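What follows is one structure encoded as structure tokens, with my remarks underneath.
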Amino acid sequence: MKVVKLELQERSYPIIITKDDFKNLAGRLKALALGNQAFIISNPIISRLYGPGLKTALSNVGINSVIYNIKDSESSKSIAQYIKTISKISSIDTKKRLFCVALGGGVVGDLTGFVAATYKRGIPYIQVPTTLLAQVDSAIGGKTAIDLASGKNLVGAFFQPKLVYSNVSLLGSLPARQISSGLAEVVKYGMIIDKDLFAFLEKNYQKILNSDKESLIRIISTASKIKAHIVANDEKETKGLRTILNFGHTIGHALETATDYTNLNHGEAISIGMVAACQIAQEIGILEPKVEQRLIDLLVKFNLPIKAKKVDLKKVYQAFYRDKKFINGKIRMVVPSRIGHVIVTEDIPFKIIQKIIKRSIS
Ligand code: GLY
């Protein structure tokens, strides 16, 4: 087991990376004294697999719990689902002290966090992420949000969980494609800040793909440490540091939007976005070509795409213009200068970006 601390004064919290069952989690919850009624938000598949074990562990430490399932899709991050969820909480909110548990991936985590942030002006919640992507990224950091028809994550709050419990044993049921999607975010951490992590991934990719638990614990705890460090130093993305987490996301998001979040999952989109960011860095003369090749070799090992198929170029440009990273007529991009280091620049001519987007589509 590894414990990473996210340091935010009175809002600090531990991130536990383990392969053990829920007994340890229940003990920690008892010690934290968050409440004696847990409202667990999950999805039907995950709650069938892990709900009973979690409920029993909680009950053994005197915490009553109910499970509330939502559909496992972005459509659950809607105003309608938010109101349904918060109404359900209010209907069971008796004299017991209530807290929320997010048992699922990014969708469950984002909705739960926002529900917890806003119900009665804020109640405690914890994250129990069940996808690799959530364990290395979305469960950590306190950005919570739901979507509007006009865009993703437009209604939200910064609201930190009290605990993140990343159990690699919960990843056993995850389809290989989703493991690869999470690995794209891990590769991202290597590219932006940690060349040793990048080298570890290159050397141990086979073990990681075979779900070797120790290797997974190693990469999840390293990723958690990096994310915790960045969030601790720039919680609300006002100091520029958190921006580097957007490496690969500018073009990646445009691809996701242009394809209506259908043919590419998040990790696949940022995989293509990271390669594109390398090409932009080469165009502006700050990156040697061999870095792009090393990145491509690693992404291919993890079964991640480096080009998008069947995407309407016009839609990608449109999505790009609408993206909030477009500031005063210029795009803010995070581009690498070597493995383990990136710079944030607002000076990239749109012509270069257009050329690279075109190259990213086969
Ligand atoms: N919840 C994800 C983040 O704060 O980055």
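Bear in mind that the values in this text are calculations on the coordinates, not laboratory data. Owing to the predicted nature of the structure, the values given are computational and were not obtained by experimental measurement. Backbone-built Cβ (ideal geometry, glycine too); neighbour counts: all protein chains shown.
Assorted remarks:
- Alpha-carbon Rg/Rh ratio, for segment 186-238, with Rh computed the Kirkwood way: 1.05
- Between Ser173 and Arg121, the modelled labels are 3.9 nm apart [label points 7 Å from Cα along Cα→Cβ].
- Evaluating kT/(6 pi eta Rh) at 37 °C and 0.692 mPa s, with the Kirkwood radius of segment 47-111 over Cα pairs in the Stokes-Einstein relation, gives 253 µm² s⁻¹.
- Counted by neighbouring Cβ atoms within 10 Å, the residues Val342, Val61 run from fewest to most as Val61, Val342.
- Packing-based order for 4-15, 265-276, 110-121, using average beta carbon neighbours within 10 Å, highest first: 265-276, 110-121, 4-15
- A full extension of the chain between Asp212 and Ser337 corresponds to an added length of 41.8 nm, given 0.36 nm per residue minus the alpha carbon distance.
- One quarter of the convex hull surface built on the alpha carbon atoms of segment 252-362 amounts to 6.5 nm², the projected area averaged over directions.
- If you take the alpha carbon atoms of segment 137-186 and fit the smallest convex hull around them, that volume is 111 Å³ per residue.
- Bridge orientation summary for the chain: considering DSSP beta bridges with both residues in this region, about 45 percent are antiparallel.
- Per residue convex hull volume, Cα atoms of segment 151-241, in Å³: 136
- Relative frequency of Cα-Cα separations exceeding 20 Å in segment 11-138, percent: 39
- Gyration tensor (alpha-carbon) shape descriptor, segment 202-271, a/c threshold 1.5: oblate
- Karplus-derived HN-Hα couplings along segment 6-21 (A = 6.51, B = -1.76, C = 1.60, θ = phi - 60°), whole Hz, x at Gly and Pro: 9, 8, 9, 6, 6, 9, 5, 7, x, 10, 9, 10, 8, 10, 7, 7
- Annotation: aspartates and glutamates with alpha-carbon distance below 14 angstrom to Lys314 (same-chain offsets under eight excluded): Glu256, Asp260.
- Taking the three principal axes of the alpha carbon atoms in segment 18-59, the coordinate ranges are 29, 24, 15 Å, sorted in descending order.
- Kyte-Doolittle mean at least -1.0, axial Cα span of 27 Å or more - DSSP H helices of the chain: 213-233
- Here the contact order of segment 199-319, divided by its residue count and restricted to Cα pairs under 8 Å and six or more residues apart, works out to 24 percent.
- Charge dipole magnitude, Cβ of K and R +1, D and E -1 - the chain, Cα centre, debye nearest 20: 480
- Kirkwood hydrodynamic radius of segment 80-145, Cα pairs, Å: 12.0
- Dipole in debye (nearest 20) - segment 40-160, about Cα centre, beta carbon charges: Lys, Arg +1; Asp, Glu -1: 440
- Computed E for Met1/Leu148 - FRET, C-beta separation, R0 41 angstrom, nearest 0.05: 0.55
- A simple charge model with +1 on the Cβ of Lys and Arg, -1 on the Cβ of Asp and Glu and nothing else charged puts the dipole of segment 264-314 at about 200 debye relative to its Cα centre.
- Ascending count of other beta-carbon atoms within 10 Å, so fewest first, for Ile230, Ile83: Ile83, Ile230
- Structural descriptor for the chain: relative contact order 15 percent, calculated from alpha carbon pairs under 8 angstrom and at least 6 residues apart.
- The value given for segment 186-322 is a Kirkwood hydrodynamic radius of 15.9 Å, derived from the mean inverse Cα-Cα separation.
- Ranked by how many other beta carbons lie within 10 Å on average, peptides 71-79, 123-131 from highest: 123-131, 71-79
- Using 0.36 nm per residue and subtracting the Cα-Cα separation, the extra length available between Arg322 and Ile284 on full extension is 11.3 nm.
- Selection among Gln282, Gly156, Ser180 by position relative to the dipole of the chain gives Gly156 as farthest towards the positive end (Cβ unit charges, Cα centre).
- Normalised by residue number, the volume inside the convex hull of the Cα atoms of the chain is 124 Å³ per residue.
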